[in-house]
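Peer 1: A single structure is presented below for examination.
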Amino acid sequence: MQSTRSSALSRALSTAVRSHRHTAKRYSSSIAILSQRRQSLPQQQQPHGILSRPVYTPISRNQIRHASTAAPSPDDLQKTPLYDLHLAHGGKMVPFGGFHMPVQYSSLGVAQSHLFTRSHASLFDVSHMVQRIITGPGAAAFLERITPSDCKGLEPHKSTLSAFMTLDGKGGISDDTIITKLAEEKFYVVTNAGCREKDNMYIDREMAKWNTEMGHENLRVKEEQLDGWGLVALQGPKAEEILQGVLAEEVDLKKLLFGGSVFATVKYDGKVGGPLLISRGGYTGEDGFEISIPPAETVGITEAFLAAGPEKIQLAGLGARDSLRLEAGMCLYGHELHDGITPVEAGLSWIIPKERRSENAGYYGADVIAKQLVPRSKGGAGVHRRRIGLLVEGAPARDGAEIVSRSEDGKEVVSLGTVTSGCPSPSLGKNIAMGYIKDGFHKAGTEVDVLVRGRPRKAVVTKMPFVPTKYWKGITPA
């Protein structure tokens, strides 16, 4: 659900993936070197105050300086709590979502970092994302007005992917979000950095409207942001082992399934930190965790994870994160998702539970979505375009490339859709892409062409994810 790419990130990715065919040899030699050495960081001075119980201490909205809607200058870019750590590890910084963010590190190239995540574990700084706490007697009902989720029915410490629906009633996605229910009247909501200003205005307007409506005197809600807090994503097959090694208390991570969360403490710098919200999930398709950390503890706790050693864990940047999410078939706001795309068109009907699929479900655009959920063959409106995956021959297809009917047998070429994301897949050694195509051409195996720099390249519609996901959903019975 990352926010849209910066031009600097796009250029870095384009350069980084050109030689992916040679990645395996470089990857193997790099790991051998990394296993023999450790990079050291200067000791960070950290305040000693920690939380004494599993609660957040948010910053109120009027204390926050909202990001400008104009493209910020380097001087205006914000820094995450891990900025100095990125530089110490050779991070190549680019502007992204209003922040200085690492696109890659000197230890591994983008494709190498991608493969390391798939085989070991990587730590991603996602502190640029907006962490929100929505509380009050009407919190669940309020969220059910602006999203299609069943927030009342969501179990405590369970999460769901959701979407803020556009206010025009057309069923568009104003932003995608992860909603976690911490208690009956308390929700943790993570939204995209690139939509910060837009989302702030959306929530402010809708919350003011909700709190002043007749009959809501006892259902008022409030929203606060965890400004300056860290958010890190520990991803990969060794993620559980690494997290288990730093936990300061008995937590059976095998019982913490994908989409679940728990408060737990971590050992770092010879002490025990305050309770952290640890959620099982991520944006790579691998098993992993996202950990929300108070500002004073972010560096120390991140270093505690990295202490597992470079043969197990490496820092990873935006470049690897983008190719990993694309292999996993995950949407990127501003590419696969935007105000003019509905959840049904995006292949996200599964985020709408059966309890909320009627025209009078009560969220913005519910009547449009309810009709789209029913195919035209069964009397509904259906959709005219669908999100699909593509395997592309030759040069990789990038965002904006046109999808057309296959050019053969003298048939007239017809425009069918547009690519929204694309890159060489380090795991598959093939060019992959996502996009939207005319309904009826969306079935796996459909042959099309993609216009790359004006030249048609053969492509085949394929099922997603491109690489099987490895979310931890419990031990499969024998």
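Peer 1: So for region 322-332 (the condition being hydroxyl-bearing (S, T, Y) and part of a helix (DSSP H, G or I)), does at least one residue qualify?
Peer 2: Looking through region 322-332, at least one residue is hydroxyl-bearing (S, T, Y) and part of a helix (DSSP H, G or I).
Peer 1: While we're looking at this one, here's another question. Would you pick out the residues in region 151-166 that are in contact (Cβ under 8 Å) with a residue 60 or more places away in the chain and more than 17 Å from V344 (Cα to Cα)?
Peer 2: If the condition is that a residue be in contact (Cβ under 8 Å) with a residue 60 or more places away in the chain and more than 17 Å from V344 (Cα to Cα), then G153, H157, K158, S159 are the ones that fit.
Peer 1: Which residue pairs have Cβ atoms under 9 Å apart, sit 6 or more places apart or on different chains, and have a first residue in region 440-467 that is in contact (Cβ under 8 Å) with a residue 40 or more places away in the chain and a second that is part of a loop (DSSP other than H, G, I, E, B) and hydroxyl-bearing (S, T, Y)?
Peer 2: D449/S407; P456/S407; V460/T446; V461/T446; F466/S427; V467/S427
Peer 1: How many residues does region 394-411 hold that are of a type in the set (D, E, K, R) and either in contact with a helix residue (DSSP H, G or I) (Cβ under 9 Å, 6 or more places away or on another chain) or crowded, with 20+ Cβ neighbours inside 10 Å (or both)?
Peer 2: Number of matching residues: 2.
Peer 1: Right, E217: outside the structural domain of H114 (by TED's automatic domain parsing) and either hydroxyl-bearing (S, T, Y) or touching a residue at least 24 places away in the same chain (Cβ under 8 Å) (or both) or not?
Peer 2: Considered against the rule, which asks whether it is outside the structural domain of H114 (by TED's automatic domain parsing) and either hydroxyl-bearing (S, T, Y) or touching a residue at least 24 places away in the same chain (Cβ under 8 Å) (or both), E217 comes out as no.
Peer 1: Moving on to the next point. Condition (residue is in contact with a Leu (Cβ under 7 Å, 6 or more places away or on another chain), crowded, with 22+ Cβ neighbours inside 10 Å and under 30 Å from I242 (Cβ atoms)) applied to region 352-371: is it met by at least one residue?
Peer 2: No, region 352-371 contains no residue that is in contact with a Leu (Cβ under 7 Å, 6 or more places away or on another chain), crowded, with 22+ Cβ neighbours inside 10 Å and under 30 Å from I242 (Cβ atoms).
Peer 1: All but one of (1) in contact with a helix residue (DSSP H, G or I) (Cβ under 9 Å, 6 or more places away or on another chain); (2) closer than 21 Å to V232 by Cα; (3) at pLDDT 95 or above hold for L77; state the number of the condition that does not hold.
Peer 2: (1)
Peer 1: Let me ask something else about it. Need pairs with beta-carbon distance below 8 Å; first residue within 18 Å of E241 (Cα to Cα) and assigned by TED's automatic domain parsing to the domain that holds G109 and within region 304-322, second part of a loop (DSSP other than H, G, I, E, B) and among the acidic types (D, E); sequence gap 6+ or separate chains.
Peer 2: That search, which allows pairs on different chains as well, returns A304/D269.
Peer 1: Next question, about the same structure. I'd like to check something: does region 204-213 contain any residue that is assigned to a loop (DSSP other than H, G, I, E, B) and in contact (Cβ under 8 Å) with a residue 12 or more places away in the chain?
Peer 2: No, that holds for no residue.
Per-residue answers, yes or no, for (1) under 21 Å from the mean Cα position of the chain (by Cα); (2) closer than 14 Å to T117 by Cα:
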residue: L234; (1), (2): yes, yes
residue: A239; (1), (2): yes, yes
residue: I242; (1), (2): no, yes
residue: E249; (1), (2): no, no
residue: G285; (1), (2): yes, yes
residue: S292; (1), (2): yes, no
residue: K312; (1), (2): no, yes
residue: L315; (1), (2): yes, yes
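Peer 1: For the condition surrounded by fewer than 16 Cβ atoms within 10 Å (Cβ to Cβ) and closer than 21 Å to L276 by Cβ, what is the one hit in A239, A183?
Peer 2: Every option except A183 fails the conditions.
Peer 1: Here is a further query. Which is closer than 24 Å to M201 by Cβ and buried (at least 24 other Cβ atoms within 10 Å of the Cβ), of S127, S122, S113?
Peer 2: One residue alone meets the criteria, S127.
Peer 1: Does region 412-433 include one or more residues that are closer than 26 Å to V383 by Cα, surrounded by fewer than 20 Cβ atoms within 10 Å (Cβ to Cβ) and at pLDDT below 95?
Peer 2: There is at least one residue in region 412-433 that is closer than 26 Å to V383 by Cα, surrounded by fewer than 20 Cβ atoms within 10 Å (Cβ to Cβ) and at pLDDT below 95.
Peer 1: Separate question: Output the residue which, of all residues in region 161-178 that are out of contact with any Gly (no Cβ under 8 Å at 6 or more places or on another chain) and surrounded by 21 or more Cβ atoms within 10 Å (Cβ to Cβ), is nearest to I352 (Cα to Cα).
Peer 2: S162
Peer 1: Here's a follow-up. Just one of D287, D227 is acidic (D, E), modelled with pLDDT of 95 or more and surrounded by fewer than 20 Cβ atoms within 10 Å (Cβ to Cβ); which is it?
Peer 2: Matching residue, one of D287, D227: D227.
Peer 1: Please determine, by comparing only the residues of region 191-203 that are outside any loop (DSSP other than H, G, I, E, B), in contact with an Asp or Glu (Cβ under 8 Å, 6 or more places away or on another chain) and of a type outside the set (S, T, Y), which one is nearest to G98 (Cα to Cα).
Peer 2: Within region 191-203, the match that is nearest to G98 (Cα to Cα) is C195.
The values are calculated or read from the model by the stated rules, or taken from the named source; none is laboratory data. Just so it is clear, the model here is predicted, and its values are computed rather than measured. All Cβ positions, even for glycine, are placed from backbone atoms using ideal geometry, and neighbour counts span all protein chains on display.
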